[in-house]
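Structure record follows, encoded as structure tokens.
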Amino acid sequence: MPAEPQAPFHILLIEDEPVIRELVSSMLSDGPVDVVCAEDGVEGLKLAKSRPFHLILLDVVLPKMDGVSVCRILKSDPGTAHVPIYMLTAKTKKSDVDSATVAGADGYIQKPFKGTELMALVDRLRAVASGA
């Protein structure tokens with residue numbers, strides 16, 4: 001009997017730079033990983049509330065609504081508060097990291113990031129989600 005296929009791991013990427021959206025999507029869309037992209041904070045917020053995600057990767061500097069505000073709203077909503085949110089950004093001053101942490105971010109990935117760093121995060125969170 002063949003092994004059961006692994007349930008997809010759903011990631012929401014909220015990023016306004018097309019090159020980074022494409023890079024992250026192609027890097028992570030391997031195997032049972034499904035990456036959905038939003039170009040701005042408002043679209044990202046709508047998508048995050050429209051279906052369940054296992055991980056949200058969120059840029060800080062976004063059009064329409066900044067990432068820290070998006071994070072704060074998602075973490076205050078019982079429907080999305082449990083979803084890990086990792087800021088994916090070039091804003092790395094201590095004050096930037098502190099404001100994201102206060103908003104509820106679970107982690108901070110600095111741009112330019114290493115593909116291996118992102119893959120390790122996804123692998124770790126997939127293991128937790130599958131109960132391994």
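Taking the stretch 114-132, which residues are out of contact with any His (no Cβ under 7 Å at 6 or more places or on another chain), touching a residue at least 12 places away in the same chain (Cβ under 8 Å) and assigned to a helix (DSSP H, G or I)?
Residues satisfying the conditions are Gly115, Leu118, Met119, Leu121, Val122, Arg126.
Any chance you could count how many residues in the stretch 70-98 are buried (at least 16 other Cβ atoms within 10 Å of the Cβ), touching a residue at least 12 places away in the same chain (Cβ under 8 Å) and not in a strand (DSSP E or B)?
Within the stretch 70-98, residues that are buried (at least 16 other Cβ atoms within 10 Å of the Cβ), touching a residue at least 12 places away in the same chain (Cβ under 8 Å) and not in a strand (DSSP E or B) number 11.
Which residues, taken from the stretch 6-39, are assigned to a loop (DSSP other than H, G, I, E, B) and open to solvent by 20 Å² or more (accessible area, probe 1.4 Å)?
Gln6, Ala7, Pro8, Asp16, Glu17, Ser29, Asp30, Gly31, Pro32, Glu39
Would you check if Lys64 is basic (Lys, Arg), under 23 Å from Pro18 (Cα atoms) and buried (at least 17 other Cβ atoms within 10 Å of the Cβ)?
Taking the combined requirement at face value, the residue does not satisfy it.
Might you let me know whether the stretch 48-69 holds any residue that is within 21 Å of Phe9 (Cα to Cα), among the small types (Gly, Ala, Ser) and part of a loop (DSSP other than H, G, I, E, B)?
There is no residue in the stretch 48-69 that is within 21 Å of Phe9 (Cα to Cα), among the small types (Gly, Ala, Ser) and part of a loop (DSSP other than H, G, I, E, B).
Residue-wise test of (1) over 22 Å from Val33 (Cα atoms); (2) out of contact with any Lys or Arg (no Cβ under 9 Å at 6 or more places or on another chain); (3) not hydrophobic (A, V, I, L, M, F, W, C).
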site: Ile56; (1), (2), (3): no, yes, no
site: Asp66; (1), (2), (3): yes, yes, yes
site: Ser76; (1), (2), (3): yes, yes, yes
site: Asp96; (1), (2), (3): yes, yes, yes
site: Phe113; (1), (2), (3): no, yes, no
site: Thr116; (1), (2), (3): no, yes, yes
site: Gly131; (1), (2), (3): no, yes, yes
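Could you check the stretch 40-96 and list, in sequence order, the residues that are touching a Ser or Thr at 6+ places or on another chain (Cβ under 6 Å) and among the hydrophobic types (A, V, I, L, M, F, W, C)?
Within the stretch 40-96, Ala48, Val60, Val68, Leu74 qualify.
Test Lys111 against the stated conditions and say whether it is touching a residue at least 12 places away in the same chain (Cβ under 8 Å), under 18 Å from Gly44 (Cβ atoms), open to solvent by 40 Å² or more (accessible area, probe 1.4 Å) and of a type in the set (D, E, K, R).
Considered against the rule, which asks whether it is touching a residue at least 12 places away in the same chain (Cβ under 8 Å), under 18 Å from Gly44 (Cβ atoms), open to solvent by 40 Å² or more (accessible area, probe 1.4 Å) and of a type in the set (D, E, K, R), Lys111 comes out as no.
The values are calculated or read from the model by the stated rules, or taken from the named source; none is laboratory data. This is a predicted model, so every value here is computed, not measured. Because the Cβ atoms are built from the backbone with ideal geometry, glycine has one as well, and the counts that use them run over all protein chains shown. With ligands, DNA and RNA removed, areas are computed over all heavy atoms of the protein, side chains included. Shrake-Rupley method; radii C 1.70, N 1.55, O 1.52, S 1.80 Å.
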